[in-house]
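S.K.: Sharing a structure with you now.
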Amino acid sequence: MSALRHVVCALSGGVDSAVAALLLRRRGYQVTGVFMKNWDSLDEQGVCAADKDCEDAYKVCQILDIPFHQVSYVKEYWNDVFRSRCRCHWPLRQDLTGG
């Protein structure tokens, strides 16, 4: 009996990650699709683009008949990536920081 080969494929809602999941599945892997929400901003119409991307990633999982999971890293991304980049590499102007 062969060992079960299970992989998690990050799905962005775009074509490249969808094709990656498809190719993995075709190669015999048990694939789980994961959408990672890293940002929480709204566009000019008040719509969060990540929500549409998440819907697209979910549809890919339905079509490929693979499990879908969504995880939120909004807080971690803000605290561990964005804020540290602002402090270290991007000096903020006083009118943006309130200082």
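A short reminder: the numbers here are calculations on the coordinates, not readings from a lab. Keep in mind it's a predicted model, so treat the numbers as computed, not measured. Cβ atoms come from the backbone with ideal geometry, glycine included; neighbour counts cover every protein chain shown.
S.K.: Expressed in nm to one decimal, what extension gain is obtained for the pair Asp51 and Trp39 from 0.36 nm per residue of sequence separation less their Cα-Cα distance?
M.R.: Between Asp51 and Trp39, full extension yields an extra 3.3 nm.
S.K.: Please sort 24-30, 49-55 by packing, taking for each peptide the average over its residues of neighbouring beta carbons within 10 angstrom, highest first.
M.R.: 49-55, 24-30
S.K.: Using the Karplus equation 6.51 cos²θ - 1.76 cosθ + 1.60 (θ = phi - 60°), what ³J(HN,Hα) coupling, rounded to whole Hz, does each residue of the range 59-66 give in order, writing x for Gly and Pro?
M.R.: Karplus-based 3J(HN,Hα) across the range 59-66 equals 4, 4, 5, 5, 4, 7, 6, 10 Hz.
S.K.: Using alpha-carbon pairs under 8 Å, 6+ residues apart, how would you state the relative contact order of the range 6-82 in percent?
M.R.: 36
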